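Step one of this worksheet: look at the structure below.
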């Protein structure tokens, strides 16, 4: 019972007014220190820049690290200047890259230059080049940048046909939109640098997609047939031209050879006529000897008899010689026929 009384007295002593006032003062001091520290020291991330204002007026831009400012007088606004930012149009994805459900047809449905409707989905990547300009020059910079991007994309799509937008004109559209968007961002002092514009998907509306696919298949088949025809043309026509040129050159060479041979024969005949007129006997004998020199080697076995000889002793096997000569002549004729 005595111990309980002592504990009650000790507790009531702690609740004395003087001690309560001291504890309250220390608590207030601690709170003030915490508030003062939170209003004086701030942290800027490695990919951020801190824009410091004093009474709402811009003072300075601080880099990454632990910084200080005047409490209750200055404030800081942070901007991710080193981070790659992006905006998506026609679709949305979460942090894992999975498409989110939703209807974004109002921003993705566009009219082409030939009055066709396409659904365009694209991404714009950009960086904050000037944190002060991005934060203070324009109100709601993200919304303005998105509206500018959509307007520039609609203008680029509206200047082209549906075939260009869906197929061969995608790269030109991306480059044109990036250039025009950067010019508008500089004009409106957004303080951003457009790094890339990427067309994700360009398709006709779902209602006409089957017919569109059939048209594309027909165009691809047409292009394939045209390319095949050009391939055959490039293969056959040069070959025919080469063969024709070869035939012409062969004919020209044959004609030149025949003319030269005929000219040579005519010139040789003229020379023989002139020689015969100068010395007929000698020329006649020379021609005879030259002719016999060409003919006799082709005859084979030969028997030469004097026309005035009489009572020839039949020592030579004339019958066998006659058969041999006939066989040799037949072989020579066959050889010439085969050579032709």
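Here, each number is a calculation from the coordinates, and none is a lab measurement. Only a predicted model underlies this, so the values are computations on that prediction, with no experimental measurement involved. Reconstructed Cβ throughout: ideal geometry from the backbone, glycine too, with neighbour counts over all protein chains shown.
A simple packing score, the average count of other Cβ atoms within 10 Å per residue, orders the peptides 100-106, 78-84 as 78-84, 100-106, with the highest score first. Within segment 214-305, the proportion of Cα pairs with more than 15 Å between them is 80 percent. According to the Cα-based calculation, Rg over Rh for segment 85-204 is 0.98, with Rh computed by the Kirkwood formula. Here each label is just a point 7 Å from Cα along the line to Cβ, and for residue 251 and residue 91 those points are 6.6 nm apart.
State the percent of C-alpha pairs, over all pairs in segment 134-292, separated by a distance greater than 23 angstrom. Before the final figure, lay out each step's value.
On the way: 8888 of 12561 pairs.
Value for segment 134-292: 71 percent of Cα pairs lie more than 23 Å apart.
Extension gain, residue 72 to residue 99: 0.36 nm times the residue separation minus the Cα-Cα distance gives 5.3 nm.
Model label sites at residue 229 and residue 279, defined 7 Å from Cα along the beta-carbon direction, differ in position by 7.8 nm.
Packing here is the average count of other Cβ atoms within 10 Å per residue, and on that basis the peptides 264-275, 170-181, 137-148, highest first, run 170-181, 137-148, 264-275.
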